[in-house]
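A.B. asks: So that we are looking at the same thing, I have put the structure below in structure tokens.
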Amino acid sequence: MSNSPTSTPDYDSTTRLLHAGHEPREFHGFVNPAVFRGSTILFPSAAAMRSRDQRYTYGLRGTPTLESLERAIDEMEGSAGTILVPSGLAAVSVPLLAFLRSGDHCLVIDSIYGPTRHFCDSMLKRLGVETEYVDPRSGPEGLRAQMRDNTRVVFLEAPGSNTFEMIDVAAFCAVAHERGAVTMMDNTWATPLFFRPLDHGVDLSIHALTKYPGGHSDILMGSVSATADYIRPLREAQMELGINVSPDDAYLVYRGLKTMPVRLKAHQSAALHLAQWLETRPEIARVLHPALPSFEGHELWKRQFGGASGLFSVVLAGGGTRAADAFLDALRIFGLGYSWGGFESLALESHLNDRRHAHAPTEGSVIRLQIGLEDPEDLRRDLEAGLEAAGSILAGQR
Ligand SMILES: Cc1ncc(COP(=O)(O)O)c(C=O)c1O
């Protein structure tokens, strides 16, 4: 691969991504990898089978197609190895299962993705692991105060889910490492194009590939990328659990990665433009977007991140559920649905009742917006219709 753009560190991350994970010369010149479907892989002799002395041994353990995607993600993350799993949530649960055992203590940032909290409070609890939550605003000192001798994992997400709280990732990881804990971070919002967790002391970087890497709302997948110290136990746990992904799905995500840099630029600029406009509206109490100077965590975001993706929230200026429903029901382009990172705009009301420290804003409902790739002016008009509908509820309450 001596002439490959991925072997030249001087190239921009976009150039490296576009050429990562596949070497056309090894595949008859085809610019894209083949989709290898297969469970059984034959060995040439009994001796080769006994020693498992060949690169691929069984479909579950890896195929050239899965490797192409794993290597492309390694290239972006700067990781020693990546595992693929069937959803973003599995990319949370598998590393937690890999590194925690009965009697361990796990510290999780309180602004975490809701189902991650549920996994900790249900399955991890049943397995004898105690989880506690750390207030993102308490900073590294707050984390230090909660660390114990048996704290084995510190699990971060930045910005926080739905409310976008920021933390100093390197400072949190340094505190975790003082006591020998493993650090994991859900990096789905930024993608490795805007933030590379391993460069900031994170041991395992987690992605819902379902979102921007897939990019078309037609696939579920997750990845966990590890440093050299942690890839082996992670891969072992993946194989103990018997989890991998379909080659067709892996190919679609691999394909999605090629356009992710241009899609992200478009998501970023439209989202910021709309966020700035929403800040001027009387129906909105606050806009929760890390790239806005008015946002509490803005300086932390600016210092650590290379960009902002297309997901942010607004806090309505009162009106409760009625205003939220009026806003959402007036939207025509924005769909009402879960997930984000696809080409289409989406909206939902966030429910944050299970937070222990990072409580929901009190002014009104929190509406999360995923800004898609539609024309930004069309999106602005759609949001305006939503705000007018919410505004009539607010006016009735004054
Ligand atoms: C931050 C974050 N992590 C993980 C996930 C889970 O991804 P998936 O839907 O593929 O399970 C989501 C999904 O919304 C998410 O928002």
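A.B. asks: Per-residue ellipticity at 222 nm for the chain, helices alone: DSSP H runs ≥ 4 residues times -39500 (n - 2.57), over residue total, nearest 500 deg cm²/dmol?
C.D. replies: On the way: 13 runs with 151 residues, N = 398.
Per the formula, -11500 deg cm²/dmol.
A.B. asks: Can you tell me the accessible area per residue over the range 223-296, all protein chains present, probe 1.4 angstrom, in square angstrom? Mind dumping the intermediate values first?
C.D. replies: Values: 3280 Å² over 74 residues.
The answer is 44 Å² per residue.
A.B. asks: Also, quick follow-up: P(r) of the chain in 20 Å steps, Cα pairs, percent per bin?
C.D. replies: 27, 55, 17, 1, 0
A.B. asks: Between the range 49-68 and the range 124-185, what's the alpha-carbon centroid distance in Å?
C.D. replies: One Cα centre to the other: 36 Å.
A.B. asks: Quick check: pseudo-label points 7 Å beyond the Cα along Cα→Cβ at Glu377 and Ser122, how many nm apart are they?
C.D. replies: Spacing of the two 7 Å Cα→Cβ label points: 4.7 nm.
A.B. asks: Another question, then. Starting from the 7 Å offset along Cα-to-Cβ, what nm value, one decimal, do you get for the label separation of Ile41 and Lys265?
C.D. replies: Here the modelled spin labels are 3.8 nm apart.
A.B. asks: Here is a further query. Just need the Rg to Rh number for the range 173-298, please, alpha carbons only, Kirkwood Rh.
C.D. replies: 1.05
A.B. asks: Show me 88-99, 264-275 ranked by packing, highest mean number of other Cβ atoms within 10 Å first.
C.D. replies: Numbers: 88-99: 23.5, 264-275: 19.8.
Listed from highest to lowest mean packing, they are 88-99, 264-275.
A.B. asks: A follow-up question, please. Using packing as a proxy for protection, rank 51-60, 232-241 so that the peptide with the highest average count of other Cβ atoms within 10 Å comes first.
C.D. replies: Working: 51-60: 12.4, 232-241: 15.8.
Highest mean packing first, the order is 232-241, 51-60.
A.B. asks: Length gain on complete extension for the stretch Thr362 to Asp12, per 0.36 nm per residue less the alpha carbon to alpha carbon distance?
C.D. replies: Result: 121.7 nm gained on full extension.
A.B. asks: Using 1/(1 + (r/R0)^6) with R0 = 25 angstrom and r between the beta carbons of Thr321 and Ala385, what's the FRET efficiency to the nearest 0.05?
C.D. replies: Details: r = 19 Å, r/R0 = 0.76.
After rounding, the FRET efficiency stands at 0.85.
A.B. asks: Using a 1.4 Å probe on the protein chains only, how many percent of the accessible area of the chain belongs to carbon and sulfur?
C.D. replies: Working: 8920 of 17190 Å².
The value for the chain is 52 percent carbon and sulfur by accessible area.
A.B. asks: Quick one: length gained pulling His28 to Lys302 fully straight, 0.36 nm per residue minus the C-alpha distance? Each step should come with its number before you reach the end.
C.D. replies: On the way: separation 274, 0.36 × 274 = 98.64 nm, distance 4.43 nm.
Gain on extension, His28 to Lys302, equals 94.2 nm.
A.B. asks: Oh, and also: Could you state the number of Å between the C-alpha centres of the range 191-226 and the range 295-353?
C.D. replies: 20
A.B. asks: Then there's this: On a 0 to 90 degree scale, rounded to 10, what angle separates helix 376-397 from the longest Cα axis of the chain?
C.D. replies: 50
A.B. asks: Treat each spin label as a single point 7 Å out from the Cα along the C-beta direction, and report the Glu236 to Arg137 distance in nm.
C.D. replies: Calculated label separation equals 4.2 nm.
The values are calculated or read from the model by the stated rules, or taken from the named source; none is laboratory data. Since this is a predicted model, take the numbers as computed values, not measurements. No Cβ is skipped: glycine too gets one built from the backbone with ideal geometry, and neighbour counts run over all protein chains shown. Accessible surface is based on the protein model in full, side chains and every heavy atom, while ligands, DNA and RNA are left aside. Shrake-Rupley method; radii C 1.70, N 1.55, O 1.52, S 1.80 Å.
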